[in-house]
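Enquirer: One structure coming up, written as C-alpha cells, with questions to follow.
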Amino acid sequence: MKKIQIKKPDIKAGIHKLKKMRWSDVKAGYQKFKQFRAEKMEAFRNSAAGKKLHAVNERMNQFSLILHGIWAILINYIIEAMSRHSVMAAWEYSRISTKAFLYNAFMIFVTFSIVYLFKRRAFARIILSILWLVLGIVNGVMLSRRVTPFNAQDLKTVTEGLSLFTNYFSVMELVGIGLGAVLVVLFLVYLWKTVGKFKRKVNYLLSAALVAVSFGGYGVLTDYVIENRIVSTYFANIAFAYQDYGLPYCFAASIFNTGISEPNGYTAENMMEISKNREITKSTANTDVLPNVVFVQLESFFDTTEFKSLKTTIDPLPNLRKMAAEYSSGYCQVPSIGAGTANTEFEVITGMNLRYFGPGEYPYKTYLKERTAESAATAFKSFGYGAHAIHNHSGNFYSRAKVFNNTGFDTFVCKEFMDFDTTPTGWAKDDVLLEHINDCLNSTEQQDFVFTITVQGHGSYPEKRILKDHHLYAWGTESASKNNQWTYYANQVYEMDVFAQNLVDMMDERGEPAVVVFYGDHLPTLGLTEADMKSESLFNTNYVIWDNIGLEKKDGTIPTYQIMAEVMDRIGLHAGSVFNYHQARKDDGEVVDYLMDLELLQYDLLYGKQYTYDGEPVITEGHITMGAKDAEILYLSESLEGKYTIVGENFTKWSHIYINGEKQARKFINENTIKLEKSHLEDWDVVTVSYVGSSNTIFRTSEEYVYRNGRLVPYTEELKAEKLLLDHNGDAAKAAAELRQEQREEKRSELKAG
C-alpha cells in the first residue's frame, strides 16, 4: 500500500503572509470567494439535480399550508418528548390528550403563517422551527435540574440565573452549551447566505390577511378549548399543567397571563363590606408582651420521615422534631414544588394567595420590583418594631433588594455582607445567619421582626458521594445514585437542624420574649411523587413555632399565605389589611366566600382603585438600609514594593476599595485584611469601602477616609475645611462658602432619603 504523505504546514510563512496582508487583499479575496460561490450555485441550479430540486420546491410551495400542519405536529411531538424525557411518554400524551396535543400543534402552525410575509420563506421556517425546538430543549434541560418547567418568568430572572449556572451545570456542560450556541449562530449565517428566496412577487395584502385569519382562528379555538376544559387558565401545579396541557400553551400562558384580572363583583360597595368600612387597615394589640419575632424560611426543608421509603442511620432533625413535640407544629402548605422560593416568601410576607396571579408568575419580579405594597414589615412597624430581612445569597437575586425596600423593611442583610463557609455544591451554610440575626436584634432599642431566608439545602444534589465527613447515611430508594443524593440532602438537613437549635438557644440567652417560626419553602428536587409522601401531597412541608412566652400548643396544617396572620393572632397583634382579613374570615366557615373576597381584596390593593385605603396607602416608598454594619478602616501599611495593605473590620469577599470614586483591583484576604497591589495613593486621596453585588450594584459604602502623610484617617469636617482652604489658595471666605454649600447639599440628601 502506498504510504500517505502529509505535508508539514509552513507556519512561519503563513504568519509572514498574514503580516503582509492588506485590507485590499482581504476585500479582493472575499470578492473572489463570492464569485466562486455564485458560479458553483449557478452550476448547481443548471444541473439535473438542481432543476429537480427546484421542481420539488415549487410543488412544496403549492402545498405549504398542508406541510406546515404536518411539520407543526412533528415539532410539537419532538418538544413534548424532550420535555418528558421520553418518546413513549410523548406518544401517550398525544394519544390520551389528543385534543390538547392538536391544539398546541395548531398554535405552532399559526406561527408558521408569518413566513408568507417574507421572500426568504425557507429561512423564516428554519428560524421558527429552531425557536420552537430550543424551547423544548431548554425545558427538558430545566426539568433535569428542577421540578418547575421553563416559563416566561425565567426570562425575567435570566441575568440573575446566570450566576447560578455553576451550581447546576459542570464546566464541560457549560462549554458544550456555549459551543452549541455558537454552532447554531454559524449555521443560521450560512443558511442566510445559501437558502434561496421566493421567486414570485409577494402579495403582502393577501399574506397579511392570511396571518390575521390564522391568529384570529387561534383566538377562537383558544376560547373553545378553555370553555370545554381541554386546557385551563388556572394552574394549581405548574409542573402538572405542562404535563396535561402541553408546553406551547403553558409557556404562552405564562407570558400573557400575569397579574390579577379584575374579579366579578369589584365595586366600592363590596370593598367597603370586605374591608369592614376600612377597619382592616387599623392596627390593634390585645397583649402587653411584644416579643421579637423571627421567621426562618428553610431552603428545600421537610421532615425526611415523610418520605415513606427513606431510611437513615440517625434522625437528621432531632432538634426540630423535639420542638415540634413541645410547640405548635404541622404541615405548611406551600405554593410550589421543587422551586419557587421567592413565591413562598411572597405569600408569607404579604399574606396574599398566589393562585390569583398568572401561571408560574413571580410577583417579586412582575410587581414588587417596581411598586410598593404593605407587608409583614409594615404591619410590625405599626407597633414600633424594627423590620429586617436576611438572606445568605445574592441581594439582587429575585430583585430582593428592591422588593424588601418596596415592602417596608428597614434593613436587608444579604451574602455580600457575610463571610461564610459553603457546602460542597457551593451554597452558603446557614450557621452564618446566627451572627447577622443577632446584629439586627442589637441594632435597635425596641422589639424586632426578622425575616430570614436560608439557602444551605438548595439543590442540585450530587449522585456521587462528595462529602468528606458524613453525619449520617440514607438508603431505601431505587438506586445507589439516588441514595447518594438523599444522603447528601439529609446531611444538609442535619446541619440546618443544628442551626435551628443554636438559634433558639441564642434567642433564649438574650433574655427577651421571642417567637421563632421555622418552615420549609418547598420540597427538594429529588423526584418525589405524591405516592411517596405520608401526607400524599407534594405541597406540604413542615413548620414549628417555638416561643418562650408560653403560647398554647396548637397543631394543624397552615397555608403559607395564612401563617403570618396566624402567628400575629396568637401573640395578640392585629395589623395589615390582608392579615386582619385572614384573622377575621379564615375560620368563619364560608370557605368559598372567604377565598373570593380575598381575591377581590388582593386585586383592590395591587391593581384596583384601592378603595380599602381611601387614598391613604400604608406605604408609598421605601427607605431600606443595606447591611447592619459599616466596613471600617483601622489603618494602612505600605510594603517596600509600594503595595498597600488595608486593615479594618467587617470586610467580606464583596468589599471593594474605591479611591476618589474609582474602583480598585484588590485581593480579599479575610474579614480584617484587603490588599491593594496596583493602586497608588497621594495626599488628600479619599478612600472608601463599598459592598458590591451583582451587576456592579453598590449596596453600602463606608465613611470616607483620607490619605495624609502615609496614613488613612477619617475624613472629618475639619480636614474637609482644610482641604478646601488649600484648593482656594488660602482664601478662607471662599473655602467656608463652599463647605457650607456642601453641608446644605448633604442635608437635602438626608431629608430626601428620610
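The values are calculated or read from the model by the stated rules, or taken from the named source; none is laboratory data. This is a predicted model, so every value here is computed, not measured. Positions of Cβ are backbone-derived with ideal geometry, glycine not excepted, and every protein chain shown enters the neighbour counts. Protein only, heavy atoms only, side chains kept; ligands, DNA and RNA dropped before computing areas. Shrake-Rupley method; radii C 1.70, N 1.55, O 1.52, S 1.80 Å.
Enquirer: Is it the case that segment 299-309 has a residue that's touching a helix residue (DSSP H, G or I) at 6+ places or on another chain (Cβ under 8 Å), closer than 19 Å to residue 557 by Cβ and buried (at least 24 other Cβ atoms within 10 Å of the Cβ)?
Expert: yes
Enquirer: Which residues, taken from segment 522-536, are out of contact with any strand residue (DSSP E or B) (no Cβ under 8 Å at 6 or more places or on another chain), small (Gly, Ala, Ser) and part of a loop (DSSP other than H, G, I, E, B)?
Expert: 527, the sole residue that qualifies.
Enquirer: I need the full set of residues from segment 92-125 which are part of a helix (DSSP H, G or I), touching a residue at least 60 places away in the same chain (Cβ under 8 Å) and open to solvent by 50 Å² or more (accessible area, probe 1.4 Å), in order please.
Expert: 99, 106, 114, 117, listed by residue number.
Enquirer: Right, another one. Going through segment 620-641 one residue at a time, which ones are in a loop (DSSP other than H, G, I, E, B), crowded, with 16+ Cβ neighbours inside 10 Å and of a type in the set (A, V, I, L, M)?
Expert: Across segment 620-641, the qualifying residues are 624, 628, 631.
Enquirer: What's the total number of residues in segment 330-340 that are crowded, with 24+ Cβ neighbours inside 10 Å and in contact with a strand residue (DSSP E or B) (Cβ under 9 Å, 6 or more places away or on another chain)?
Expert: The total comes to 2.
Enquirer: Hey, another quick one. Name every residue in segment 469-500 that is open to solvent by 40 Å² or more (accessible area, probe 1.4 Å), over 18 Å from residue 423 (Cα atoms) and in contact (Cβ under 8 Å) with a residue 60 or more places away in the chain, in order of residue number.
Expert: 475
Enquirer: Listed residues 551, 503; which is at pLDDT 95 or above and open to solvent by less than 10 Å² (accessible area, probe 1.4 Å)?
Expert: Just one listed residue meets the conditions, 503.
Enquirer: Just to verify a result, which residue in segment 272-298, among those that are open to solvent by less than 10 Å² (accessible area, probe 1.4 Å) and not hydrophobic (A, V, I, L, M, F, W, C), is nearest to residue 504 (Cα to Cα)?
Expert: 292
Enquirer: Taking only segment 506-536 into account, find how many residues are among the hydrophobic types (A, V, I, L, M, F, W, C), open to solvent by 10 Å² or more (accessible area, probe 1.4 Å), out of contact with any helix residue (DSSP H, G or I) (no Cβ under 8 Å at 6 or more places or on another chain) and touching a residue at least 12 places away in the same chain (Cβ under 8 Å).
Expert: Start the filter on segment 506-536 by keeping residues that are among the hydrophobic types (A, V, I, L, M, F, W, C), which leaves 506-507, 514-518, 523, 526, 528, 531, 533.
With the extra rule that they be open to solvent by 10 Å² or more (accessible area, probe 1.4 Å), the set shrinks to 506, 528, 531.
Among the residues that remain, those that are also out of contact with any helix residue (DSSP H, G or I) (no Cβ under 8 Å at 6 or more places or on another chain) are: 528, 531.
Restricting the remaining residues to those that are touching a residue at least 12 places away in the same chain (Cβ under 8 Å) gives 528.
Selection size over segment 506-536: 1.
Enquirer: Which condition number does residue 564 fail, the rest of (1) open to solvent by 10 Å² or more (accessible area, probe 1.4 Å); (2) modelled with pLDDT of 95 or more; (3) closer than 29 Å to residue 239 by Cβ; (4) not in a strand (DSSP E or B) being met?
Expert: Going through the list (1) open to solvent by 10 Å² or more (accessible area, probe 1.4 Å); (2) modelled with pLDDT of 95 or more; (3) closer than 29 Å to residue 239 by Cβ; (4) not in a strand (DSSP E or B), residue 564 breaks only (1).
Enquirer: Just give me the residues in segment 427-467 being part of a loop (DSSP other than H, G, I, E, B) and without any contact (Cβ under 8 Å) to a residue 40 or more places away in the chain, in sequence order.
Expert: Matches in segment 427-467: 445, 462, 463, 464, 465.
Enquirer: Would you tally the residues in segment 584-617 being open to solvent by less than 70 Å² (accessible area, probe 1.4 Å), under 33 Å from the mean Cα position of the chain (by Cα) and touching a residue at least 24 places away in the same chain (Cβ under 8 Å)?
Expert: The qualifying residues number 18.
Enquirer: Of everything in segment 566-616, what is acidic (Asp, Glu) and under 15 Å from residue 277 (Cα atoms)? Give them in sequence order.
Expert: Passing the criteria: 597, 604, 614, 616.
Enquirer: For segment 78-91, what are the residues that are within 17 Å of residue 248 (Cα to Cα) and surrounded by fewer than 19 Cβ atoms within 10 Å (Cβ to Cβ)?
Expert: Those that are within 17 Å of residue 248 (Cα to Cα) and surrounded by fewer than 19 Cβ atoms within 10 Å (Cβ to Cβ): 78, 85, 89, 91.
Enquirer: Give the residues of segment 92-117 that are over 31 Å from the mean Cα position of the chain (by Cα) and more than 18 Å from residue 230 (Cα to Cα), sorted by residue number.
Expert: Within segment 92-117, 109, 110, 112, 113, 114, 115, 116, 117 qualify.
Enquirer: So, one more: Go through segment 341-359 and report how many residues are open to solvent by less than 20 Å² (accessible area, probe 1.4 Å) and over 18 Å from residue 569 (Cα atoms).
Expert: Adding up the residues that qualify gives 10.
Enquirer: Quick check on this structure: which one of 268, 253 is closer than 23 Å to residue 142 by Cβ and open to solvent by less than 50 Å² (accessible area, probe 1.4 Å)?
Expert: Going through 268, 253 in turn, the sole match is 253.
Enquirer: Can we say residue 146 is at pLDDT below 80 and crowded, with 17+ Cβ neighbours inside 10 Å?
Expert: yes
Enquirer: Just one of the numbered conditions (1) surrounded by 21 or more Cβ atoms within 10 Å (Cβ to Cβ); (2) in contact with an Asp or Glu (Cβ under 7 Å, 6 or more places away or on another chain) is not true of residue 411; which one?
Expert: (2)
Enquirer: Restricting attention to segment 373-398, which residues are within 22 Å of residue 700 (Cα to Cα) and not small (Gly, Ala, Ser)?
Expert: To start, the set of residues in segment 373-398 that are within 22 Å of residue 700 (Cα to Cα) comprises 377, 386-398.
Within segment 373-398, 388, 390, 391, 392, 393, 396, 397, 398 meet the criteria.
Enquirer: Right, here's the next one. Quick one: residue 416 ticks every box in (1) in a helix (DSSP H, G or I); (2) in contact with a Gly (Cβ under 7 Å, 6 or more places away or on another chain); (3) open to solvent by 10 Å² or more (accessible area, probe 1.4 Å) except a single one, so which number is it?
Expert: Every condition holds for residue 416 apart from (3).
Enquirer: Looking at segment 673-686, which of its residues are at pLDDT 95 or above and open to solvent by 60 Å² or more (accessible area, probe 1.4 Å)?
Expert: Once the filter is applied, which keeps residues that are at pLDDT 95 or above and open to solvent by 60 Å² or more (accessible area, probe 1.4 Å), segment 673-686 yields only 675.
Enquirer: Do you know which residues across segment 67-86 are part of a helix (DSSP H, G or I) and on the phi > 0 side of the Ramachandran plot?
Expert: none
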